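The values are calculated or read from the model by the stated rules, or taken from the named source; none is laboratory data. Remember, it's a predicted structure, so these values are computed and weren't measured experimentally. So basically every Cβ, Gly included, is an ideal-geometry build from the backbone, and we count neighbours across all protein chains shown. Only protein heavy atoms, including side chains, enter the accessible area calculation; ligands, DNA and RNA are left aside. Shrake-Rupley method; radii C 1.70, N 1.55, O 1.52, S 1.80 Å.
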Amino acid sequence: MLFQDQIRQGIPTSLPTKKERNPKVSHAPKRKDILSPEEKKLALRNALRYFPKEWHAELAPEFLGELKEYGRIYMYRFMPDYPLHARPIADYPAKSKQAAAIMLMIQNNLDPAVAQHPEELITYGGNGAVFQNWAQYLLTMRYLSEMTEDQTLHIYSGHPMGLFPSSPDAPRVIVTNGMMIPNYSKPDDWERFNALGVTQYGQMTAGSYMYIGPQGIVHGTTITVMNAFRKKLKAGENPKGKIFLTAGLGGMSGAQPKAGNIAGCITICAEVNPSAAKKRHEQGWVDVLIQDLNQLVERAFEAKFNQETLSIAYIGNIVDVWERFYEEDLFVELGSDQTSLHNPWAGGYYPAGLSFEESNKLMVENPEEFRLKVQESLCRQADAINKHAAKGTYFFDYGNAFLLEASRAGAEVMAENGIDFRYPSYVQDILGPMCFDYGFGPFRWVCTSGKPEDLRKTDQIAAKVLKEILETSPESIAQQMQDNITWIEEAEKNKLVVGSQARILYADAEGRAKIAQAFNQAIESGKISAPIVLGRDHHDVSGTDSPYRETSNIYDGSRFTADMAIHNVIGDSFRGATWVSIHNGGGVGWGEVTNGGFGMVLDGSAEAERKLKSMLFYDVNNGIARRAWARNSGSMEAIQREMDRSPGLKVTIPNLVDEEILKGIS
C-alpha cells in the first residue's frame with residue numbers, strides 16, 4: 001500500500017501482524033507499576049476501544065503484556081510500515097495545506113533522528129510525548145487527511161476526539177496535554193493516568209508538534225552561555241580556554257556542546273546514556289567522546305592550556321566530574337545542569353554510584369531505594385558545586401528543576417533568607433532581563449518544501465530584516481539584535497539542521513512580524529517554493545507560566561499564577577493561529593508549569609499576511625504587558641515603545657511606589 005493510502009486508511013482494515021521493538025533505537029525506561037488489578041482492566045478497555053471488537057481477544061493479552069513489561073500500552077503492532085520523517089508538503093494526502101503542514105510537523109517530531117524514544121512516541125525529556133499510542137497517531141493522520149478549511153480537529157492529550165465544524169478563521173487543530181484538575185497534578189498522578197491511557201505529558205514542543213531537534217534550544221543556549229561569560233569575565237577577556245561544565249545530552253540538553261562551540265569555550269557535558277552521547281557525536285553536535293575520567297581530566301587541562309574551543313561528551317556521571325575536577329584543582333568558569341530533573345524518579349536523573357543499566361532496573365524494582373539514591377546523588381552534586389562556587393565558578397540553574405529537587409533532597413542550595421535559592425536561574429540572571437522582558441524569544445520556522453535552498457533563502461531574508469531594524473533600535477536592545485544577526489548569518493555554517501529544514505532565531509515582536517511578512521511575500525512571488533510553518537518554543541516571553549524558569553524574574557508575587565499562558569493560547573486562537581496547544585508540565589515538571597504554543601502556516605496569501613500581523617503582535621506583547629505590570633523595567637520600556645507606534649494598543653502601566661514610604665512597615 002502506498003504511503004498516502006496508508007495515511008488515509010488510519011486504523012488498518014485488517015489486523016496487522018505483531019511487531020517487535022527495534023533494538024537499534026533508544027527506548028523509554030519501564031514505567032512504574034502503579035495500577036491496581038481493576039485499573040489494569042480499565043487500561044485495557046481504554047486501549048481496545050480503538051479497534052474492532054473481533055480483534056479484542058487477540059489484542060487484549062498482547063496489550064496486557066506491554067503494560068506489564070513496559071508500564072504502558074504503546075500498541076507496537078500498529079507502528080506504520082513507512083519510515084517516519086518530515087516529507088515535502090506535497091507528499092501528504094490532504095484537502096487543506098494547513099493540515100498537510102501539521103502532518104509534516106508530527107512526522108518530524110517522531111523521526112528517529114529527532115525523537116528520543118521514537119517507538120514510544122516520545123520526542124524528548126524522557127516523557128515528552130506526541131501521542132500516547134500508535135492508534136492515536138494513525139487516527140490523527142487520517143483526520144488531517146480528510147480535514148477541510150471549515151473543520152477543526154480537537155486533540156485531548158494525544159487522543160483525536162474528532163473533527164468539528166468551524167470556519168477558515170478558526171485554528172485547524174486545538175491541542176491540550178495533561179490538563180489535570182489541580183489537585184491531581186503530582187508525579188504519581190501522571191504515572192497513573194498516563195498508564196490508564198487518558199492523559200499524557202506533552203513537554204513543551206513535543207505534544208504541540210513544534211520540536212525541531214536540538215537546534216530548537218541551541219540559540220537560546222548560545223545566548224545564555226555568551227551572556228553568562230559576559231557576566232563572569234573581565235573586560236577584554238573571551239571564552240576561549242574557559243570551561244562550561246554541565247550534564248545531559250538527550251533531547252533539549254543535546255544542544256549544549258554545539259552552543260558552547262559557537263560561544264567559543266570548552267564545553268564538558270556528562271551523559272550516562274552511551275547511546276545518547278554517541279548519537280550527538282554522530283550528528284556532529286559534540287567533538288570528542290571520552291569514557292575514562294582520568295583521560296577527561298588530562299584532556300580538559302590540555303584544552304585550557306591551549307585556549308581551545310572544544311566540546312567533550314563524557315560518558316559517565318556528572319557528580320564524579322564535579323568532585324574530581326575539584327580534587328584536581330581544575331577551575332570551572334561556568335557550571336550548570338540540564339538533566340531531566342522534572343522527571344527525577346523515572347529516568348530523568350541517574351544517580352552516581354550506579355550504572356545506567358543498574359539505575360533502569362532499580363527504578364522499577366525498588367522505586368523507593370532509587371528515590372533515595374537520586375537524592376543522595378543530588379546532595380553530593382550540590383556539595384561539589386558549592387565548593388567550586390567558593391573558588392569563583394558562576395553556577396546557574398538551567399530551568400530543569402535541579403535546584404528545586406536538590407532542595408527537596410536536603411542539599412545546601414538555599415539562600416540565607418531560607419526562601420530563595422543561592423544560585424540564580426538562567427532566566428533570572430540572563431534571559432529574563434536581557435531577552436524576555438524586551439520581547440526576544442525563540443521564534444522558529446520550517447520550510448515545508450524540504451529544500452535546503454529554501455532554508456538558505458529564509459536565513460538571508462531574516463538577516464536583511466534584522467539589519468534594517470537594528471538601524472533604529474534603542475541602545476537597550478542593540479546587543480541582542482547584533483547577537484541575533486551574527487547567529488542567523490552563521491546558522492548554515494554551524495550545521496544545525498536535524499530532521500526538517502528548520503531554523504530558530506531569537507526575535508522580538510517587530511522582528512518576528514517583519515520576517516514573517518517577508519517570508520510570505522517570498523512565497524507569493526515564488527522565490528520560496530512552498531509554504532513555511534511559523535512557531536516558537538513555549539519557552540518564550542508570553543506562552544509559559546513557570547515560577548522556577550520562564551517567569552522566575554517576575555517579582556510581584558504572581559509568578560505562581562497561570563493567567564498569561566491561558567490568555568496566550570486563547571488570544572492566538574482567534575487572531576489567526578493554524579493550531580494552538582496548552583500543556584500542564586514541560587521543562588520543569590508535571591504540575592510545576594503551564595505552557596502554551598502555536599503553529600502558523602504561511603502560504604503567500606493576503607489572508608496569511610493579515611493573520612501573521614495580528615497574531616504575532618499579540619503573542620509577544622501579551623507577555624511584555626504582563627512583565628511590565630510586574631514592574632520589570634525592560635518590559636515597561638518595551639511596552640511603552642510599542643504603544644507609541646501602535647495606536648490600538650492600550651496597556652495598564654504600574655505606578656511605582658517610593659520605597660521610603662514602605663520603610664518601617666512590618
#### Entry: Candidates Q521, Q517, Q501, filtered to the one that is over 22 Å from S633 (Cα atoms), open to solvent by 30 Å² or more (accessible area, probe 1.4 Å) and touching a Gly at 6+ places or on another chain (Cβ under 7 Å)
Q501
### Query
Considering segment 119-144 alone, what residues qualify as being open to solvent by 10 Å² or more (accessible area, probe 1.4 Å), in contact with a helix residue (DSSP H, G or I) (Cβ under 9 Å, 6 or more places away or on another chain) and part of a helix (DSSP H, G or I)?
E119, L138, R142, Y143
### Task
Identify all residues within segment 213-250 that are small (G, A, S), crowded, with 24+ Cβ neighbours inside 10 Å and under 23 Å from Q307 (Cβ atoms); write none if there are none.
A228
#### Entry: Unmet criterion (only one of (1) farther than 23 Å from R627 by Cβ; (2) in a helix (DSSP H, G or I); (3) open to solvent by 40 Å² or more (accessible area, probe 1.4 Å); (4) not polar (S, T, N, Q)) for I488
(3)
### Task
Return the residue satisfying two criteria in turn: it lies in segment 558-606 and is among the charged types (D, E, K, R) and in contact with a Pro (Cβ under 8 Å, 6 or more places away or on another chain), and of such residues it is farthest from L153 (Cα to Cα).
R559
### Query
F331 fails exactly one of the following numbered conditions: (1) modelled with pLDDT of 95 or more; (2) among the aromatic types (F, W, Y); (3) open to solvent by less than 50 Å² (accessible area, probe 1.4 Å). What is the number of that condition?
(3)
### Task
Hey, can you tell me all the residues within segment 20-44 that are free of Cβ contacts under 8 Å to residues at least 60 places away in the same chain, among the acidic types (D, E) and assigned to a loop (DSSP other than H, G, I, E, B)?
E20
### Message
Just to be sure before I move on: is V580 closer than 30 Å to A346 by Cβ, open to solvent by less than 10 Å² (accessible area, probe 1.4 Å), within 14 Å of the chain's Cα centre (by Cα) and aliphatic (A, V, I, L, M) in the structure I sent?
### Response
no
#### Entry: Subset of segment 609-635 that is under 18 Å from M210 (Cβ atoms) and among the aliphatic types (A, V, I, L, M) - its residue that is surrounded by the fewest Cβ atoms within 10 Å (Cβ to Cβ)
L612
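Any idea which residue in segment 258-313 is surrounded by the most Cβ atoms within 10 Å (Cβ to Cβ), counting only those that are of a type in the set (S, T, Y) and in contact with a Ser or Thr (Cβ under 8 Å, 6 or more places away or on another chain)?
Among residues in segment 258-313 that are of a type in the set (S, T, Y) and in contact with a Ser or Thr (Cβ under 8 Å, 6 or more places away or on another chain), the one surrounded by the most Cβ atoms within 10 Å (Cβ to Cβ) is T267.
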### Task
Output the helices (runs of 4 or more DSSP H) that fall wholly within segment 307-420 and possess 2 or more residues being under 25 Å from the mean Cα position of the chain (by Cα) and touching a residue at least 40 places away in the same chain (Cβ under 8 Å), or say none.
318-327, 356-365, 402-408
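Before we move on, is R549 of a type in the set (K, R), closer than 23 Å to H219 by Cα and either open to solvent by 10 Å² or more (accessible area, probe 1.4 Å) or at pLDDT 95 or above (or both)?
Details: of a type in the set (K, R): yes; closer than 23 Å to H219 by Cα: yes; either open to solvent by 10 Å² or more (accessible area, probe 1.4 Å) or at pLDDT 95 or above (or both): yes.
In short, yes.
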#### Entry: Members of segment 301-341 found to be within 18 Å of N400 (Cβ to Cβ) and among the polar types (S, T, N, Q), listed by number
N317, S336, Q338, T339, S340
### Query
Any residue at all in segment 224-241 that is more than 18 Å from A115 (Cβ to Cβ), among the hydroxyl-bearing types (S, T, Y) and either modelled with pLDDT under 95 or in a helix (DSSP H, G or I) (or both)?
yes
### Query
Inside segment 89-110, can you point out the residues that are part of a loop (DSSP other than H, G, I, E, B) and either open to solvent by 20 Å² or more (accessible area, probe 1.4 Å) or among the aliphatic types (A, V, I, L, M) (or both)?
A94, K95, L110
### Summary
The number of residues in segment 612-651 that are more than 14 Å from H567 (Cβ to Cβ) and free of Cβ contacts under 8 Å to residues at least 40 places away in the same chain is 13
### Query
What residue, of M210, M204, is assigned to a loop (DSSP other than H, G, I, E, B), at pLDDT below 95 and open to solvent by less than 10 Å² (accessible area, probe 1.4 Å)?
M204
### Query
Under the condition of being hydrophobic (A, V, I, L, M, F, W, C) and modelled with pLDDT of 95 or more, which residue from segment 104-130 is farthest from the chain's Cα centre (by Cα)?
L104
### Query
Are any residues in segment 421-468 more than 20 Å from V620 (Cβ to Cβ) and outside any helix (DSSP H, G or I), and if so, which ones?
F421, R422, Y423, P424, S425, C447, T448, S449, G450, K451
### Task
Inspect segment 610-632 for any residue being over 28 Å from the mean Cα position of the chain (by Cα) and within 26 Å of V580 (Cα to Cα) and give the result as yes or no.
yes
### Task
Inspect segment 178-185 for any residue being at pLDDT 95 or above, open to solvent by 10 Å² or more (accessible area, probe 1.4 Å) and under 30 Å from R324 (Cβ atoms) and give the result as yes or no.
no
### Task
Restricting attention to segment 186-201, report how many residues are more than 23 Å from the chain's Cα centre (by Cα) and either open to solvent by 70 Å² or more (accessible area, probe 1.4 Å) or charged (D, E, K, R) (or both).
1
